[in-house]
Amino acid sequence: MPTLSRWFIKTGLVYFVASLLLSLLQKMGAAGEIWSGLSAFTPLFYHWLMLGWITQIIIGVSWWMFPRRDREQPRGSERMGWVIYGALNGGLLLRALSEPFVVRGTDPLLSGLALLAALAQWLAGALYVAQIWPRVKLK
Amino acid sequence: MPKLSVYFIRAALLYLLAGFTLGALLLTQKGLPFAVEIWLLRPLHIEVVIFGWILQLVMGVAFWMMPRFAEAPFRGDERPAWLAFICLNLGIWLNLISFLIYDAALLGLAGRALEVLAIVLFARHLWPRIKPFADKLAAKGRE
Ligand code: HEM
Ligand code: HEM
């Protein structure tokens, strides 16, 4: 399995565990009536699960298994692969630092981080589509 | 990769692009509110990423990779899977429209019903292929 795929898939597994731990923490918070603010983490939980885990392993496995692109670059640009990895995980991290805490744009720092997170995740998606598109083909 | 998988996966990638764009708009609105109407896109975002991206990608890869038969037609009866592709996408679009107009309960029902039909048809196709891999004979039918 190529190095890049190993990074995507192992990071994906980390998000899988992390997202369920986050959910567990939320349930403990709710059960113990410790901190009601934990419900603000629900979207983060879903996106760690669906983006951090499911989408990330899809990217890792497709980079590894999809039909070869051509002889010179069978999998496409590896450097671009790392950019996608950085944008996706950087975006998810920025999101974790901002999304649960934003209150209608009252804190410029949190707003800025959320905007960067939105941009990074979008970029990861767009670059991935551009990169994998030529490998979705007959043969 | 067989033709239907190319269709499923290319469609999935287009939905990824659309769904992430909706998501980025939502997150921007959440972080720095600029137009409250953006929140109307929230159900569209969820429909597009879950049914359009994740589900459709899984179906495309399953159609490609699941064990084939030793003799032609190697993937069995492909027609239900093609119908599933059509029903799924029609269903997604009906749902998306239903989120944007008033009084769309019936439209939403039709959309979800088409999605259910798509899943049943796809399961109908895939069911006999959930089996041990066929021997080398099947390799001849490999794409
Ligand atoms: C046996 C399998 C599963 C069961 C029983 C199950 C059950 C549920 C239930 C009860 C909910 C809550 C619905 C609500 O809030 O009203 C839910 C939500 C959700 N499930 Fe599942 N689920 C299953 C598999 C999956 C899988 C495989 C995925 C993703 C690939 C998934 C993704 C989601 C998502 C994203 C939501 C949130 C939807 C929303 O908030 O609108 N589920 N699920
Ligand atoms: C595989 C891709 C994705 C899936 C399956 C997904 C799924 C979901 C789900 C289930 C919700 C409802 C969450 C809840 O009820 O708590 C949601 C909401 C949302 N999503 Fe996504 N999403 C994806 C990608 C993205 C991306 C790339 C972005 C941003 C760039 C994004 C931004 C948002 C935002 C801002 C919300 C609204 C959160 C709120 O209500 O406060 N999503 N998404």
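Quick rundown of the values:
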| item | result |
| --- | --- |
| Helix runs (DSSP H) in chain A reaching 18 Å along axis by Cα, Kyte-Doolittle at least -0.5 | A:3-31, A:78-98, A:108-132 |
| Projected area, mean over directions - the protein assembly as shown, Cα convex hull, nm² | 17.1 |
| Angle between chain B longest axis and helix B:3-31 axis [Cα atoms, degrees, rounded to 10] | 20 |
| Cα centroid of the range B:63-90 to Cα centroid of the range A:96-139, whole Å | 34 |
| Most mobile listed residue (B:84, B:104, B:12) in chain B, GNM with C-alpha springs under 10 Å | B:104 |
| Estimated [θ] at 222 nm from DSSP helical runs (n ≥ 4, -39500 (n - 2.57)) normalised by residues in chain A, nearest 500 | -22000 deg cm²/dmol |
| Longest segment of chain B lacking trypsin sites (Lys or Arg not before Pro) that sit in a DSSP loop with at most 12 other Cβ atoms within 10 Å | B:1-139 |
| Three-way shape label, chain B, alpha-carbon gyration tensor, a/c 1.5 | prolate |
| Likely footprinting exposure, B:37, B:115, fewest C-beta neighbours within 10 Å first | B:37, B:115 |
| For the range B:2-16 and the range A:16-62, distance of Cα centres in Å | 28 |
| Debye equation applied to the C-alpha atoms of the range A:4-120, log10 I(q)/I(0) at 0.13, 0.17, 0.19, 0.20 Å⁻¹ | -0.59, -0.87, -1.00, -1.06 |
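Just so you know, all these numbers are worked out from the coordinates, no wet-lab data involved. Computed from a prediction, not measured in an experiment: that's the story for all the values here. Glycine gets a Cβ as well: all are built from the backbone with ideal geometry, and neighbour counts include every protein chain shown.
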